[in-house]
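Quick notes on the structure that follows.
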Amino acid sequence: MMSKTIGILTGGGDCPGLNSVIYGVLLKAADAGYKVIGIEKGWKGFLEGTIRELDVEKLDDLHTVGGTLLYTSRTNPYKQAKNIQESVKREKAIKETAEKMASQIEKLGLDALIAIGGDDTLGVASAMYKYAGAKVIGVPKTIDNDLSSTDYTFGFWSAIQLASNTMDNITTTARSHQRIFIVEVMGRDAGWLTLVSGISTGADIILIPEKPFDLQNDIVNILRDRIDSGRKYHIIACSEGAIPTKKSFERDFTTISQKDIEKLPRDDFGNPILSKLNMSKVLVKELNTKEELRKYFNDNDVEYDIREVTLGHTMRAGTPSSFDRILGLRLGVQAIKLILKENYGQMACLNGTEILSVPLSEGAQKKLVPKDSDLIEVADLITKVKCGKA
Ligand code: F6P
């Protein structure tokens, strides 16, 4: 068997289980007689050549540790090329960038590269393979669970547990003060995190980006119904990317407009930075303008006191769950197996209980919550029953 030198990098937001994948890679690489070179800070370090050898002997139990020992960044090597307006020129620039990236693999003395990341990071790897035949393997990472071709991304269930713990706990203080709590959950334009953590904790209203909400019908009226049915505190799980319908935006909102959302700053990959919007805060402000609802609460001897909690990066913090440790290890081992078979341009994935692989071009695609998801049905049933409308 020929010895190889494998590069490994982690890109995008950090996520519990990154170190588990790295450890899986190291375990199998050691077994195969491969050397592993860690590239620091994702594509940034790849371009700058910030590398160091990883020694599995010195990293016992790395899979149990949260975060990434390789650091991470959101650097997009294709940023300039993608901004070119004219399509032929843009395509040419993307191809040239991909070729430059592929040649960097050799310059760094690597035989193959493992890129661990979400749709942005894997999109970069996918283009390297598509345009320049680069020897790359992808591993799907993100707490958001928004990647197609894998049943779950690692990090998702750790984040669910963290979000669920907070949402469970918030009910005691909500009950004590008779408050409405709006809990903002990460996930960008995908509602998986909010939907699953919201259902698991019995959130009274769940707002996700895939199903734009109507402030009057989906929040104000439900809160009234909950008061009618004797409920005195309320938990709203709100995705950071939840948005009102166009109609509701125009009719119900007084503190922000569509333009404010369009004007949001964006990261290197063009994703709006949703923490700058803080939808839960917007909802608190809007609900505070609803004087009729306040009166309705007060007439029923219930406080009208609305608070928001933004879970933010606490959702990605700490150690990975056992599920994510195992999933990470298995995906890492699979990445080396794909290299052993010289099956490049693939993404390791979870399919049912099996670890398989799919072409990177498929794996790097987004997976949003389908409109007909049974999870949406469960969430709606919970809301309906818990406002006395069963
Ligand atoms: O993609 C993972 C994620 O945690 C999203 O849910 C969130 O919108 C984003 O990263 C936050 O990014 P940053 O860590 O750069 O603030």
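Restricting the stretch 338-368 to residues that are under 19 Å from T10 (Cα atoms) and in a helix (DSSP H, G or I), the residue that is modelled with the lowest pLDDT is G363.
Looking at this structure, is D31 more than 24 Å from R316 (Cα to Cα) and either touching a Gly at 6+ places or on another chain (Cβ under 7 Å) or of a type outside the set (S, T, N, Q) (or both)? Here the answer is yes, as D31 does meet what is asked. So, in the stretch 282-312, of the ones that are touching a residue at least 40 places away in the same chain (Cβ under 8 Å) and in a helix (DSSP H, G or I), which residue ends up surrounded by the fewest Cβ atoms within 10 Å (Cβ to Cβ)? Among them, the one singled out is G312. Checking every residue in the stretch 8-24 against the condition of being more than 22 Å from the chain's Cα centre (by Cα) and over 19 Å from T319 (Cβ atoms) gives zero matches. Only one of the numbered conditions (1) under 28 Å from the mean Cα position of the chain (by Cα); (2) surrounded by 19 or more Cβ atoms within 10 Å (Cβ to Cβ) is violated by T50, and that is (2). Residues being on the phi > 0 side of the Ramachandran plot, in contact (Cβ under 8 Å) with a residue 12 or more places away in the chain and basic (K, R) are entirely absent from the stretch 132-144. Just checking, does the stretch 71-92 include any residue being of a type in the set (A, V, I, L, M, F, W, C), touching a residue at least 24 places away in the same chain (Cβ under 8 Å) and assigned to a helix (DSSP H, G or I)? No - not one qualifying residue is present in the stretch 71-92.
If we keep just the residues of the stretch 1-20 that are more than 16 Å from the ligand (Cβ to nearest atom) and at pLDDT 95 or above, which is surrounded by the most Cβ atoms within 10 Å (Cβ to Cβ)? Spell out the reasoning first.
If we filter the stretch 1-20 for residues that are more than 16 Å from the ligand (Cβ to nearest atom), which is where we start, we get 1-9, 19-20.
Going one step further and asking which of them are at pLDDT 95 or above, we end up with 4-9, 19-20.
Values: K4: 19, T5: 15, I6: 24, G7: 24, I8: 27, L9: 29, N19: 27, S20: 27.
Per the criteria, the residue is L9.
Residue-by-condition table, conditions (1) touching a strand residue (DSSP E or B) at 6+ places or on another chain (Cβ under 7 Å); (2) within 21 Å of T319 (Cα to Cα); (3) among the small types (G, A, S); (4) assigned by TED's automatic domain parsing to the domain that holds D144:
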| site | (1), (2), (3), (4) |
| --- | --- |
| I37 | yes, no, no, yes |
| E53 | yes, no, no, yes |
| D60 | no, yes, no, yes |
| G109 | yes, no, yes, yes |
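Where strands (runs of 3 or more DSSP E) fall entirely within the stretch 123-217, those with at least 3 residues that are within 16 Å of the ligand (Cβ to nearest atom) are at 136-140, 180-185.
The values are calculated or read from the model by the stated rules, or taken from the named source; none is laboratory data. The structure presented is a predicted model; accordingly, all values stated were derived computationally and were not measured. Reconstructed Cβ throughout: ideal geometry from the backbone, glycine too, with neighbour counts over all protein chains shown.
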